[in-house]
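S.K.: Handing you a structure now.
The values are calculated or read from the model by the stated rules, or taken from the named source; none is laboratory data. No experiment lies behind these values; they were computed from the predicted model shown. Here the Cβ positions follow ideal geometry from the backbone for every residue, glycine too, while neighbour counts run over all protein chains shown.
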Amino acid sequence: MSASSVSDLPSYLNPHDPGPWAIYLQQVDRVAPYLGSLAPLVGILKRPKRILVVDVPIRLDDGTMAHFEGYRVQHSLSRGPGKGGVRFHQDVTLSEVMALSAWMSIKSAAVNLPFGGAKGGIRFDPHQYSQAEIERITRRYTSEIHDIIGPHKDIPAPDVNTNAQIMAWMMDTYSMNEGGTNTGVVTGKPVSLGGSLGRIQATGRGVYVIACEAARESGIEIKGARIAIQGFGNVGGTAARLFHDAGAHVVAIYDHTGIVHAERGLNIPALLDHVQKTGGVAGAAGTETLSAQEFWSLPTDILIPAALEGQITEHNADLIHTRILVEGANGPTTPEADDIISAKGTVIVPDVVANAGGVTVSYFEWVQDFSSFFWTEQEINHRLEAMMRAAYAAMSSVARQHGVSLRTAAFIVACTRILEAHHVRGLYP
Ligand code: GLU
(Lines give C-alpha, C1' and ligand atoms only; values in the text may rest on other atoms or scores of the structure.)
Protein backbone atom coordinates (compact mmCIF):
# COMPACT_ATOMS: atom_id res chain seq x y z
CA MET A 1 0.00 0.00 0.00
CA SER A 2 1.16 3.55 -0.65
CA ALA A 3 2.02 5.73 2.34
CA SER A 4 -0.99 8.00 1.82
CA SER A 5 -3.37 5.04 1.80
CA VAL A 6 -1.90 3.60 5.01
CA SER A 7 -2.51 6.90 6.79
CA ASP A 8 -6.10 6.85 5.53
CA LEU A 9 -6.84 3.44 7.06
CA PRO A 10 -9.64 3.63 9.65
CA SER A 11 -8.81 2.44 13.16
CA TYR A 12 -11.34 -0.40 12.99
CA LEU A 13 -9.45 -2.27 10.25
CA ASN A 14 -6.39 -4.39 11.00
CA PRO A 15 -3.40 -2.37 9.67
CA HIS A 16 -1.46 -5.62 9.04
CA ASP A 17 -4.27 -7.16 7.01
CA PRO A 18 -6.62 -4.39 5.89
CA GLY A 19 -8.37 -6.59 3.26
CA PRO A 20 -10.14 -5.42 0.08
CA TRP A 21 -10.62 -1.85 1.36
CA ALA A 22 -6.85 -1.37 0.91
CA ILE A 23 -7.20 -2.29 -2.79
CA TYR A 24 -9.89 0.34 -3.22
CA LEU A 25 -7.70 2.97 -1.52
CA GLN A 26 -4.86 2.19 -3.93
CA GLN A 27 -7.25 2.62 -6.88
CA VAL A 28 -8.33 6.04 -5.57
CA ASP A 29 -4.68 7.07 -5.12
CA ARG A 30 -4.04 6.32 -8.80
CA VAL A 31 -6.86 8.65 -9.80
CA ALA A 32 -6.08 11.61 -7.56
CA PRO A 33 -3.57 13.22 -10.00
CA TYR A 34 -6.31 13.48 -12.66
CA LEU A 35 -8.98 15.19 -10.58
CA GLY A 36 -7.83 18.78 -11.18
CA SER A 37 -9.49 21.32 -8.90
CA LEU A 38 -11.55 18.53 -7.25
CA ALA A 39 -8.40 16.74 -5.97
CA PRO A 40 -8.48 18.36 -2.50
CA LEU A 41 -11.92 16.75 -1.93
CA VAL A 42 -10.67 13.20 -2.54
CA GLY A 43 -10.60 12.42 1.20
CA ILE A 44 -14.39 12.09 1.12
CA LEU A 45 -14.02 9.02 -1.11
CA LYS A 46 -11.51 7.41 1.25
CA ARG A 47 -13.97 6.95 4.09
CA PRO A 48 -17.40 5.30 4.03
CA LYS A 49 -20.11 7.77 5.01
CA ARG A 50 -21.84 5.34 7.36
CA ILE A 51 -21.26 1.81 8.65
CA LEU A 52 -23.84 -0.26 10.49
CA VAL A 53 -22.83 -3.59 12.07
CA VAL A 54 -25.75 -5.58 13.45
CA ASP A 55 -26.29 -8.75 15.43
CA VAL A 56 -28.77 -11.05 13.69
CA PRO A 57 -30.08 -13.55 16.24
CA ILE A 58 -32.54 -16.22 15.06
CA ARG A 59 -34.05 -19.44 16.31
CA LEU A 60 -32.80 -22.42 14.28
CA ASP A 61 -35.12 -25.24 13.19
CA ASP A 62 -33.85 -27.41 16.08
CA GLY A 63 -35.00 -24.80 18.60
CA THR A 64 -31.54 -23.46 19.54
CA MET A 65 -30.52 -19.85 19.01
CA ALA A 66 -27.77 -18.66 16.66
CA HIS A 67 -26.17 -15.26 16.07
CA PHE A 68 -24.90 -13.91 12.75
CA GLU A 69 -22.94 -10.76 11.99
CA GLY A 70 -24.60 -8.41 9.48
CA TYR A 71 -23.36 -5.25 7.81
CA ARG A 72 -24.72 -2.38 5.76
CA VAL A 73 -22.18 0.18 4.59
CA GLN A 74 -23.13 3.40 2.82
CA HIS A 75 -20.01 4.68 1.12
CA SER A 76 -21.41 7.77 -0.60
CA LEU A 77 -24.83 9.42 -0.83
CA SER A 78 -23.61 12.47 -2.74
CA ARG A 79 -25.36 11.71 -6.05
CA GLY A 80 -28.47 9.97 -4.74
CA PRO A 81 -29.63 7.22 -2.39
CA GLY A 82 -27.24 4.40 -1.56
CA LYS A 83 -27.46 1.43 -3.92
CA GLY A 84 -25.94 -1.99 -3.78
CA GLY A 85 -26.47 -5.65 -3.09
CA VAL A 86 -26.54 -7.81 0.00
CA ARG A 87 -24.37 -10.93 0.00
CA PHE A 88 -24.66 -14.03 2.12
CA HIS A 89 -21.27 -15.68 2.47
CA GLN A 90 -19.22 -17.24 5.25
CA ASP A 91 -16.19 -15.10 4.32
CA VAL A 92 -17.96 -11.70 4.38
CA THR A 93 -15.90 -9.14 6.33
CA LEU A 94 -16.37 -5.48 7.12
CA SER A 95 -13.41 -4.56 4.91
CA GLU A 96 -14.97 -6.47 2.02
CA VAL A 97 -18.37 -4.83 2.42
CA MET A 98 -16.69 -1.41 2.68
CA ALA A 99 -14.76 -1.99 -0.56
CA LEU A 100 -17.85 -3.33 -2.34
CA SER A 101 -19.86 -0.29 -1.19
CA ALA A 102 -17.20 2.05 -2.59
CA TRP A 103 -17.10 0.14 -5.87
CA MET A 104 -20.90 0.63 -6.03
CA SER A 105 -20.39 4.42 -5.72
CA ILE A 106 -17.86 4.25 -8.56
CA LYS A 107 -20.07 1.94 -10.62
CA SER A 108 -23.23 4.04 -10.28
CA ALA A 109 -21.31 7.20 -11.17
CA ALA A 110 -19.39 5.57 -14.06
CA VAL A 111 -22.73 4.61 -15.67
CA ASN A 112 -24.25 7.96 -14.63
CA LEU A 113 -27.04 6.50 -12.49
CA PRO A 114 -28.46 8.91 -9.88
CA PHE A 115 -27.26 6.74 -6.97
CA GLY A 116 -24.57 6.68 -4.36
CA GLY A 117 -22.92 3.44 -3.27
CA ALA A 118 -23.76 0.97 -0.52
CA LYS A 119 -23.40 -2.74 0.20
CA GLY A 120 -24.57 -5.23 2.76
CA GLY A 121 -23.67 -8.68 3.89
CA ILE A 122 -24.30 -11.39 6.43
CA ARG A 123 -21.44 -13.63 7.44
CA PHE A 124 -22.85 -17.15 6.99
CA ASP A 125 -22.99 -19.95 4.46
CA PRO A 126 -26.63 -20.18 3.30
CA HIS A 127 -26.03 -23.70 1.97
CA GLN A 128 -25.81 -24.91 5.59
CA TYR A 129 -29.29 -23.58 6.55
CA SER A 130 -32.91 -24.39 5.65
CA GLN A 131 -35.09 -22.01 3.64
CA ALA A 132 -37.07 -21.20 6.80
CA GLU A 133 -33.85 -20.30 8.66
CA ILE A 134 -32.64 -18.18 5.74
CA GLU A 135 -36.00 -16.37 5.74
CA ARG A 136 -35.68 -15.61 9.48
CA ILE A 137 -32.07 -14.41 9.04
CA THR A 138 -33.11 -12.17 6.12
CA ARG A 139 -36.09 -10.69 7.96
CA ARG A 140 -34.22 -10.02 11.20
CA TYR A 141 -31.32 -8.44 9.28
CA THR A 142 -33.75 -6.22 7.34
CA SER A 143 -35.41 -5.15 10.56
CA GLU A 144 -32.02 -4.32 12.11
CA ILE A 145 -30.98 -2.10 9.17
CA HIS A 146 -34.50 -0.67 8.71
CA ASP A 147 -33.59 2.81 9.93
CA ILE A 148 -30.99 3.47 7.26
CA ILE A 149 -32.65 1.88 4.19
CA GLY A 150 -35.64 3.09 2.15
CA PRO A 151 -36.57 4.04 -1.42
CA HIS A 152 -34.99 7.49 -0.96
CA LYS A 153 -32.21 6.46 1.42
CA ASP A 154 -30.55 3.22 0.41
CA ILE A 155 -31.90 0.48 -1.86
CA PRO A 156 -30.51 -3.06 -1.41
CA ALA A 157 -30.46 -5.65 -4.20
CA PRO A 158 -29.28 -9.22 -4.83
CA ASP A 159 -25.60 -10.13 -4.80
CA VAL A 160 -23.65 -13.33 -4.11
CA ASN A 161 -26.06 -16.05 -2.80
CA THR A 162 -29.10 -13.74 -2.62
CA ASN A 163 -31.96 -13.68 -5.13
CA ALA A 164 -35.47 -12.43 -5.92
CA GLN A 165 -37.05 -14.45 -3.07
CA ILE A 166 -34.68 -12.87 -0.52
CA MET A 167 -35.57 -9.44 -1.95
CA ALA A 168 -39.29 -10.24 -1.57
CA TRP A 169 -38.72 -11.05 2.14
CA MET A 170 -36.71 -7.85 2.59
CA MET A 171 -39.42 -5.80 0.86
CA ASP A 172 -42.14 -7.44 2.96
CA THR A 173 -40.28 -6.95 6.26
CA TYR A 174 -39.56 -3.30 5.49
CA SER A 175 -43.17 -2.71 4.37
CA MET A 176 -44.67 -4.44 7.45
CA ASN A 177 -42.52 -2.30 9.74
CA GLU A 178 -43.48 0.86 7.82
CA GLY A 179 -47.16 -0.03 7.72
CA GLY A 180 -47.57 0.20 3.94
CA THR A 181 -46.37 -1.35 0.70
CA ASN A 182 -42.99 -0.07 -0.38
CA THR A 183 -41.86 -1.93 -3.49
CA GLY A 184 -39.08 0.61 -4.20
CA VAL A 185 -37.04 -0.27 -1.09
CA VAL A 186 -35.21 -3.09 -2.84
CA THR A 187 -34.56 -4.05 -6.46
CA GLY A 188 -34.13 -7.46 -8.02
CA LYS A 189 -37.58 -8.44 -6.74
CA PRO A 190 -39.81 -11.05 -8.40
CA VAL A 191 -41.69 -9.63 -11.40
CA SER A 192 -44.95 -10.39 -9.53
CA LEU A 193 -43.89 -7.86 -6.86
CA GLY A 194 -42.73 -4.83 -8.84
CA GLY A 195 -39.59 -6.48 -10.18
CA SER A 196 -38.35 -5.61 -13.64
CA LEU A 197 -38.31 -7.85 -16.68
CA GLY A 198 -34.73 -8.54 -17.72
CA ARG A 199 -33.23 -7.88 -14.26
CA ILE A 200 -31.95 -11.42 -13.71
CA GLN A 201 -30.12 -11.48 -17.03
CA ALA A 202 -29.06 -7.81 -16.85
CA THR A 203 -25.53 -8.21 -15.48
CA GLY A 204 -24.66 -10.96 -17.97
CA ARG A 205 -26.20 -9.00 -20.84
CA GLY A 206 -24.20 -5.94 -19.80
CA VAL A 207 -20.99 -8.01 -19.71
CA TYR A 208 -21.75 -9.18 -23.24
CA VAL A 209 -22.45 -5.65 -24.55
CA ILE A 210 -19.29 -4.25 -22.94
CA ALA A 211 -17.16 -7.15 -24.22
CA CYS A 212 -18.49 -6.48 -27.73
CA GLU A 213 -17.50 -2.80 -27.42
CA ALA A 214 -14.00 -3.71 -26.22
CA ALA A 215 -13.65 -6.34 -28.96
CA ARG A 216 -14.67 -3.82 -31.62
CA GLU A 217 -12.00 -1.36 -30.38
CA SER A 218 -9.39 -4.13 -30.46
CA GLY A 219 -10.43 -5.27 -33.94
CA ILE A 220 -11.72 -8.67 -32.72
CA GLU A 221 -14.74 -10.26 -34.45
CA ILE A 222 -17.15 -11.78 -31.92
CA LYS A 223 -18.12 -14.42 -34.48
CA GLY A 224 -15.44 -17.06 -34.09
CA ALA A 225 -13.80 -15.42 -31.02
CA ARG A 226 -12.40 -17.82 -28.36
CA ILE A 227 -13.89 -17.12 -24.95
CA ALA A 228 -13.37 -18.63 -21.47
CA ILE A 229 -15.64 -17.81 -18.54
CA GLN A 230 -15.26 -18.40 -14.82
CA GLY A 231 -18.73 -18.61 -13.28
CA PHE A 232 -21.87 -20.02 -14.92
CA GLY A 233 -24.65 -18.47 -12.85
CA ASN A 234 -26.74 -15.40 -13.68
CA VAL A 235 -23.74 -13.52 -15.00
CA GLY A 236 -21.50 -16.11 -16.66
CA GLY A 237 -24.41 -18.24 -17.88
CA THR A 238 -26.27 -15.35 -19.54
CA ALA A 239 -23.09 -13.94 -21.10
CA ALA A 240 -22.10 -17.42 -22.38
CA ARG A 241 -25.50 -17.86 -24.06
CA LEU A 242 -25.33 -14.45 -25.74
CA PHE A 243 -21.76 -15.10 -27.00
CA HIS A 244 -22.82 -18.54 -28.23
CA ASP A 245 -25.82 -17.04 -30.07
CA ALA A 246 -23.48 -14.48 -31.68
CA GLY A 247 -21.29 -17.26 -33.10
CA ALA A 248 -18.40 -17.05 -30.61
CA HIS A 249 -16.66 -20.24 -29.38
CA VAL A 250 -17.03 -20.45 -25.60
CA VAL A 251 -14.19 -22.95 -25.12
CA ALA A 252 -14.14 -23.33 -21.33
CA ILE A 253 -16.37 -22.77 -18.31
CA TYR A 254 -15.15 -22.93 -14.71
CA ASP A 255 -17.77 -23.20 -11.93
CA HIS A 256 -17.88 -24.42 -8.33
CA THR A 257 -18.23 -28.04 -9.49
CA GLY A 258 -15.37 -28.15 -11.99
CA ILE A 259 -14.02 -26.95 -15.33
CA VAL A 260 -15.29 -28.10 -18.72
CA HIS A 261 -13.54 -27.55 -22.02
CA ALA A 262 -14.24 -28.15 -25.71
CA GLU A 263 -11.58 -26.92 -28.11
CA ARG A 264 -14.11 -26.12 -30.87
CA GLY A 265 -16.59 -24.47 -28.51
CA LEU A 266 -18.98 -25.83 -25.84
CA ASN A 267 -22.63 -26.44 -26.64
CA ILE A 268 -23.88 -23.72 -24.28
CA PRO A 269 -27.66 -24.48 -24.44
CA ALA A 270 -26.89 -28.16 -23.64
CA LEU A 271 -24.55 -27.10 -20.81
CA LEU A 272 -27.24 -24.80 -19.34
CA ASP A 273 -29.65 -27.78 -19.38
CA HIS A 274 -27.02 -29.97 -17.68
CA VAL A 275 -26.53 -27.34 -14.94
CA GLN A 276 -30.28 -27.08 -14.47
CA LYS A 277 -30.43 -30.85 -13.84
CA THR A 278 -27.20 -31.46 -11.89
CA GLY A 279 -26.35 -28.10 -10.26
CA GLY A 280 -23.01 -27.60 -12.01
CA VAL A 281 -20.98 -28.00 -15.21
CA ALA A 282 -18.96 -31.04 -14.03
CA GLY A 283 -19.49 -34.17 -16.11
CA ALA A 284 -21.33 -32.53 -19.01
CA ALA A 285 -21.40 -34.75 -22.13
CA GLY A 286 -18.93 -33.97 -24.90
CA THR A 287 -16.56 -31.99 -22.66
CA GLU A 288 -13.16 -32.65 -21.20
CA THR A 289 -11.99 -31.61 -17.75
CA LEU A 290 -9.25 -29.07 -17.12
CA SER A 291 -7.27 -28.13 -14.01
CA ALA A 292 -7.48 -24.54 -12.76
CA GLN A 293 -3.93 -23.98 -14.03
CA GLU A 294 -4.92 -25.23 -17.50
CA PHE A 295 -8.01 -23.03 -17.49
CA TRP A 296 -6.09 -19.84 -16.75
CA SER A 297 -3.42 -20.81 -19.33
CA LEU A 298 -5.86 -21.24 -22.24
CA PRO A 299 -5.10 -18.88 -25.12
CA THR A 300 -8.28 -16.84 -25.65
CA ASP A 301 -9.51 -13.64 -27.22
CA ILE A 302 -11.74 -12.82 -24.26
CA LEU A 303 -11.46 -14.09 -20.68
CA ILE A 304 -14.31 -13.34 -18.27
CA PRO A 305 -13.93 -13.91 -14.52
CA ALA A 306 -17.59 -13.80 -13.43
CA ALA A 307 -17.46 -15.50 -10.01
CA LEU A 308 -15.97 -14.07 -6.81
CA GLU A 309 -13.30 -11.44 -6.13
CA GLY A 310 -9.57 -12.12 -5.85
CA GLN A 311 -9.48 -14.92 -8.47
CA ILE A 312 -6.65 -13.52 -10.58
CA THR A 313 -3.61 -12.79 -8.43
CA GLU A 314 0.17 -12.56 -8.86
CA HIS A 315 0.15 -16.39 -8.60
CA ASN A 316 -1.82 -17.06 -11.80
CA ALA A 317 -1.53 -13.75 -13.72
CA ASP A 318 1.57 -14.99 -15.55
CA LEU A 319 -0.40 -17.88 -17.01
CA ILE A 320 -3.02 -15.69 -18.63
CA HIS A 321 -2.89 -15.21 -22.38
CA THR A 322 -5.92 -13.29 -23.53
CA ARG A 323 -6.47 -10.15 -25.55
CA ILE A 324 -9.30 -8.77 -23.45
CA LEU A 325 -10.15 -9.50 -19.82
CA VAL A 326 -13.69 -8.47 -18.92
CA GLU A 327 -14.40 -8.37 -15.18
CA GLY A 328 -17.89 -9.83 -14.77
CA ALA A 329 -17.36 -10.28 -11.00
CA ASN A 330 -16.61 -7.49 -8.54
CA GLY A 331 -12.87 -7.18 -7.86
CA PRO A 332 -11.69 -10.43 -9.54
CA THR A 333 -8.20 -9.05 -10.37
CA THR A 334 -5.78 -7.92 -7.65
CA PRO A 335 -3.74 -4.75 -8.40
CA GLU A 336 -0.53 -6.84 -8.68
CA ALA A 337 -2.19 -9.15 -11.21
CA ASP A 338 -3.62 -6.15 -13.05
CA ASP A 339 -0.07 -4.78 -13.56
CA ILE A 340 1.29 -8.15 -14.76
CA ILE A 341 -1.55 -8.70 -17.24
CA SER A 342 -1.63 -5.11 -18.53
CA ALA A 343 2.14 -5.26 -19.17
CA LYS A 344 1.44 -8.04 -21.70
CA GLY A 345 -0.79 -5.68 -23.68
CA THR A 346 -4.08 -7.24 -22.53
CA VAL A 347 -6.95 -4.79 -22.27
CA ILE A 348 -8.66 -5.08 -18.87
CA VAL A 349 -12.26 -3.88 -18.83
CA PRO A 350 -12.91 -3.03 -15.17
CA ASP A 351 -15.76 -4.44 -13.10
CA VAL A 352 -17.23 -1.02 -12.34
CA VAL A 353 -18.32 -0.72 -15.99
CA ALA A 354 -18.25 -4.35 -17.18
CA ASN A 355 -20.74 -5.64 -14.60
CA ALA A 356 -22.83 -2.47 -14.22
CA GLY A 357 -25.74 -3.96 -16.19
CA GLY A 358 -27.31 -5.32 -13.00
CA VAL A 359 -27.45 -2.03 -11.17
CA THR A 360 -28.56 -0.29 -14.38
CA VAL A 361 -31.68 -2.46 -14.63
CA SER A 362 -32.08 -2.06 -10.83
CA TYR A 363 -32.32 1.65 -11.59
CA PHE A 364 -34.99 0.95 -14.22
CA GLU A 365 -36.85 -1.20 -11.66
CA TRP A 366 -36.76 1.59 -9.05
CA VAL A 367 -38.06 4.10 -11.64
CA GLN A 368 -40.83 1.70 -12.73
CA ASP A 369 -41.85 1.12 -9.08
CA PHE A 370 -42.21 4.87 -8.49
CA SER A 371 -44.42 5.34 -11.53
CA SER A 372 -46.14 1.93 -11.18
CA PHE A 373 -45.81 1.68 -14.93
CA PHE A 374 -43.85 -1.26 -16.27
CA TRP A 375 -41.78 -1.45 -19.43
CA THR A 376 -41.42 -4.30 -21.92
CA GLU A 377 -38.33 -6.49 -21.85
CA GLN A 378 -37.39 -5.19 -25.27
CA GLU A 379 -37.52 -1.60 -24.00
CA ILE A 380 -35.40 -2.55 -20.98
CA ASN A 381 -32.73 -4.34 -23.01
CA HIS A 382 -32.62 -1.49 -25.49
CA ARG A 383 -32.12 1.15 -22.77
CA LEU A 384 -29.61 -1.08 -20.97
CA GLU A 385 -27.51 -1.49 -24.10
CA ALA A 386 -27.55 2.25 -24.79
CA MET A 387 -26.43 3.11 -21.24
CA MET A 388 -23.68 0.48 -21.23
CA ARG A 389 -22.33 1.67 -24.59
CA ALA A 390 -22.35 5.29 -23.41
CA ALA A 391 -20.45 4.31 -20.23
CA TYR A 392 -17.88 2.38 -22.26
CA ALA A 393 -17.41 5.31 -24.66
CA ALA A 394 -16.93 7.83 -21.80
CA MET A 395 -14.36 5.56 -20.12
CA SER A 396 -12.50 4.77 -23.32
CA SER A 397 -12.23 8.41 -24.38
CA VAL A 398 -10.79 9.43 -20.98
CA ALA A 399 -8.32 6.50 -21.20
CA ARG A 400 -7.09 7.80 -24.57
CA GLN A 401 -7.03 11.42 -23.44
CA HIS A 402 -4.81 10.73 -20.39
CA GLY A 403 -3.01 7.62 -21.64
CA VAL A 404 -4.27 5.58 -18.66
CA SER A 405 -5.85 2.12 -18.23
CA LEU A 406 -9.60 1.67 -18.63
CA ARG A 407 -9.84 1.09 -14.85
CA THR A 408 -8.17 4.37 -13.99
CA ALA A 409 -10.28 6.09 -16.66
CA ALA A 410 -13.52 4.68 -15.18
CA PHE A 411 -12.41 5.92 -11.76
CA ILE A 412 -11.58 9.36 -13.20
CA VAL A 413 -15.06 9.63 -14.78
CA ALA A 414 -16.80 8.36 -11.64
CA CYS A 415 -14.78 10.23 -8.99
CA THR A 416 -15.17 13.46 -10.95
CA ARG A 417 -18.95 13.03 -11.03
CA ILE A 418 -19.15 12.19 -7.30
CA LEU A 419 -16.86 15.02 -6.23
CA GLU A 420 -18.65 17.54 -8.48
CA ALA A 421 -21.93 16.64 -6.76
CA HIS A 422 -20.23 16.87 -3.37
CA HIS A 423 -18.74 20.24 -4.29
CA VAL A 424 -21.98 21.86 -5.46
CA ARG A 425 -23.90 20.51 -2.48
CA GLY A 426 -21.24 22.06 -0.23
CA LEU A 427 -20.01 20.94 3.14
CA TYR A 428 -22.66 20.92 5.88
CA PRO A 429 -22.79 22.80 8.26
N1 GLU B 1 -25.04 -6.68 -6.64
C2 GLU B 1 -25.02 -6.06 -7.95
C3 GLU B 1 -23.71 -5.33 -8.17
O4 GLU B 1 -22.71 -5.61 -7.54
C5 GLU B 1 -26.24 -5.19 -8.20
C6 GLU B 1 -26.46 -4.10 -7.22
C7 GLU B 1 -27.80 -3.38 -7.44
O8 GLU B 1 -28.55 -3.74 -8.33
O9 GLU B 1 -28.06 -2.47 -6.67
O10 GLU B 1 -23.61 -4.51 -9.03
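S.K.: So if I check each of Asp147, Asp91, which one is more than 14 Å from the ligand (Cβ to nearest atom), over 18 Å from Met176 (Cβ atoms) and surrounded by fewer than 20 Cβ atoms within 10 Å (Cβ to Cβ)? Lay out the reasoning, then the answer.
M.R.: Details: Asp147 fails: over 18 Å from Met176 (Cβ atoms).
The unique qualifying residue is Asp91.
S.K.: Something else: Just give me the residues in the stretch 310-337 being out of contact with any strand residue (DSSP E or B) (no Cβ under 9 Å at 6 or more places or on another chain), touching a residue at least 24 places away in the same chain (Cβ under 8 Å) and charged (D, E, K, R), in sequence order.
M.R.: Residue satisfying the conditions is Glu314 alone.
S.K.: Can you find even one residue in the stretch 97-112 that is at pLDDT 95 or above, part of a loop (DSSP other than H, G, I, E, B) and either within 13 Å of the chain's Cα centre (by Cα) or within 11 Å of the ligand (Cβ to nearest atom) (or both)?
M.R.: Checked the stretch 97-112: at least one residue is at pLDDT 95 or above, part of a loop (DSSP other than H, G, I, E, B) and either within 13 Å of the chain's Cα centre (by Cα) or within 11 Å of the ligand (Cβ to nearest atom) (or both).
S.K.: Right, here's the next one. I'd like the full set of residues that are more than 16 Å from the ligand (Cβ to nearest atom) and touching a helix residue (DSSP H, G or I) at 6+ places or on another chain (Cβ under 8 Å), limited to the stretch 308-321. If you could, list the steps in order and put the result at the bottom.
M.R.: Applying the first criterion (more than 16 Å from the ligand (Cβ to nearest atom)) to the stretch 308-321 yields 312-321.
Once the filter is applied, which keeps residues that are more than 16 Å from the ligand (Cβ to nearest atom) and touching a helix residue (DSSP H, G or I) at 6+ places or on another chain (Cβ under 8 Å), the stretch 308-321 yields Ile312, Thr313, Glu314, Asn316, Ala317, Asp318, Leu319, Ile320, His321.
S.K.: While we're looking at this one, here's another question. From Ser76, Ser108, Ser101, grab the single residue that is over 30 Å from Glu133 (Cα atoms) and out of contact with any Phe, Trp or Tyr (no Cβ under 6 Å at 6 or more places or on another chain). Don't jump to the end; show me each part of the working.
M.R.: Details: Ser108 fails: out of contact with any Phe, Trp or Tyr (no Cβ under 6 Å at 6 or more places or on another chain); Ser101 fails: over 30 Å from Glu133 (Cα atoms).
Criteria check complete, one pass: Ser76.
S.K.: Restricting attention to the stretch 32-83, and to residues there that are β-branched (Val, Ile, Thr) and in contact (Cβ under 8 Å) with a residue 40 or more places away in the chain, which single residue is surrounded by the most Cβ atoms within 10 Å (Cβ to Cβ)? Before you say what the answer is, go through the steps one by one.
M.R.: So in the stretch 32-83, the residues β-branched (Val, Ile, Thr) come out as 42, 44, 51, 53-54, 56, 58, 64, 73.
Next, from what is left, pick out any that are in contact (Cβ under 8 Å) with a residue 40 or more places away in the chain: 42, 44, 51, 53-54, 56, 58, 73.
Numbers: Val42: 18, Ile44: 16, Ile51: 17, Val53: 13, Val54: 17, Val56: 22, Ile58: 19, Val73: 29.
If we take residues in the stretch 32-83 being β-branched (Val, Ile, Thr) and in contact (Cβ under 8 Å) with a residue 40 or more places away in the chain, then Val73 is surrounded by the most Cβ atoms within 10 Å (Cβ to Cβ).
S.K.: Quick one: which residue in Arg79, Arg87, Arg72 is modelled with pLDDT of 95 or more, under 21 Å from Thr187 (Cα atoms) and assigned to a loop (DSSP other than H, G, I, E, B)?
M.R.: On the way: Arg87 fails: assigned to a loop (DSSP other than H, G, I, E, B); Arg72 fails: assigned to a loop (DSSP other than H, G, I, E, B).
Only one candidate passes the filter, namely Arg79.
S.K.: If I ask for residues that are buried (at least 18 other Cβ atoms within 10 Å of the Cβ) and either within 16 Å of the ligand (Cβ to nearest atom) or charged (D, E, K, R) (or both), which ones from the stretch 323-349 would you list?
M.R.: Within the stretch 323-349, Arg323, Val326, Glu327, Gly328, Ala329, Asn330, Gly331, Pro332, Thr333, Asp338, Val349 qualify.
S.K.: While we're on this one: If I go through the stretch 171-191 residue by residue, how many of them are away from the ligand (no atom under 12 Å from the Cβ) and under 22 Å from Arg383 (Cβ atoms)?
M.R.: Here the count works out to 4.
S.K.: Also, quick follow-up: Going by the structure shown, is Gly358 within 13 Å of the ligand (Cβ to nearest atom) and more than 17 Å from Ala394 (Cβ to Cβ)? Before you say what the answer is, go through the steps one by one.
M.R.: On the way: within 13 Å of the ligand (Cβ to nearest atom): yes; more than 17 Å from Ala394 (Cβ to Cβ): yes.
Criteria met by Gly358.
S.K.: Among the residues of the stretch 150-168, write down those that are assigned to a loop (DSSP other than H, G, I, E, B) and within 12 Å of the ligand (Cβ to nearest atom). Explain how you work it out, then say what you get.
M.R.: First pass over the stretch 150-168, keeping only residues assigned to a loop (DSSP other than H, G, I, E, B): 151-153, 159-163.
Once the filter is applied, which keeps residues that are assigned to a loop (DSSP other than H, G, I, E, B) and within 12 Å of the ligand (Cβ to nearest atom), the stretch 150-168 yields Asp159, Val160, Asn161, Thr162, Asn163.
S.K.: Follow-up. Search the stretch 181-198 for residues that are polar (S, T, N, Q) and pair each with any residue that is part of a loop (DSSP other than H, G, I, E, B) and at pLDDT below 95 when their beta-carbon atoms are under 7 Å apart and the residues are at least 6 apart or on different chains.
M.R.: Taking only residues 6 or more apart or on different chains, not a single pair turns up.
S.K.: Considering only the stretch 349-429, give the helices (runs of 4 or more DSSP H) lying wholly within it that have at least 2 residues that are more than 21 Å from Gly236 (Cβ to Cβ). Let's see the steps before the verdict.
M.R.: On the way: elements: 351-354, 357-371, 377-402, 406-425.
Result: 357-371, 377-402, 406-425.
S.K.: Evaluate the stretch 357-377: report whether one residue or more is acidic (Asp, Glu), buried (at least 22 other Cβ atoms within 10 Å of the Cβ) and more than 22 Å from the chain's Cα centre (by Cα). Spell out how you get there, then give the answer.
M.R.: First, pick out the residues of the stretch 357-377 that are acidic (Asp, Glu): 365, 369, 377.
Filter again for buried (at least 22 other Cβ atoms within 10 Å of the Cβ), leaving 365, 369.
So of that shortlist, the ones also more than 22 Å from the chain's Cα centre (by Cα) come out as 369.
Within the stretch 357-377 (the criterion being acidic (Asp, Glu), buried (at least 22 other Cβ atoms within 10 Å of the Cβ) and more than 22 Å from the chain's Cα centre (by Cα)), the answer is yes, since at least one residue qualifies.
S.K.: Oh, and also: For the list (1) out of contact with any His (no Cβ under 8 Å at 6 or more places or on another chain); (2) modelled with pLDDT of 95 or more, I need the number of the one condition that Asp159 fails.
M.R.: Only one criterion is unmet by Asp159, namely (2).
S.K.: For residues that are outside any helix (DSSP H, G or I), buried (at least 24 other Cβ atoms within 10 Å of the Cβ) and of a type outside the set (D, E, K, R), tally how many sit in the stretch 177-193. Steps first, answer last, please.
M.R.: Going through the stretch 177-193, the residues outside any helix (DSSP H, G or I) turn out to be 179-182, 186-190.
With the extra rule that they be buried (at least 24 other Cβ atoms within 10 Å of the Cβ), the set shrinks to 186-189.
When the remaining residues are screened for being of a type outside the set (D, E, K, R), the result is 186-188.
Adding up the residues that qualify gives 3.
S.K.: Next up: Among the listed residues Ser143, Ser95, Ser101, identify the single one that is out of contact with any helix residue (DSSP H, G or I) (no Cβ under 9 Å at 6 or more places or on another chain) and among the hydroxyl-bearing types (Ser, Thr, Tyr). Give the steps one after another, and end with the answer.
M.R.: Details: Ser143 fails: out of contact with any helix residue (DSSP H, G or I) (no Cβ under 9 Å at 6 or more places or on another chain); Ser95 fails: out of contact with any helix residue (DSSP H, G or I) (no Cβ under 9 Å at 6 or more places or on another chain).
Ser101 is the lone residue from the list that is out of contact with any helix residue (DSSP H, G or I) (no Cβ under 9 Å at 6 or more places or on another chain) and among the hydroxyl-bearing types (Ser, Thr, Tyr).
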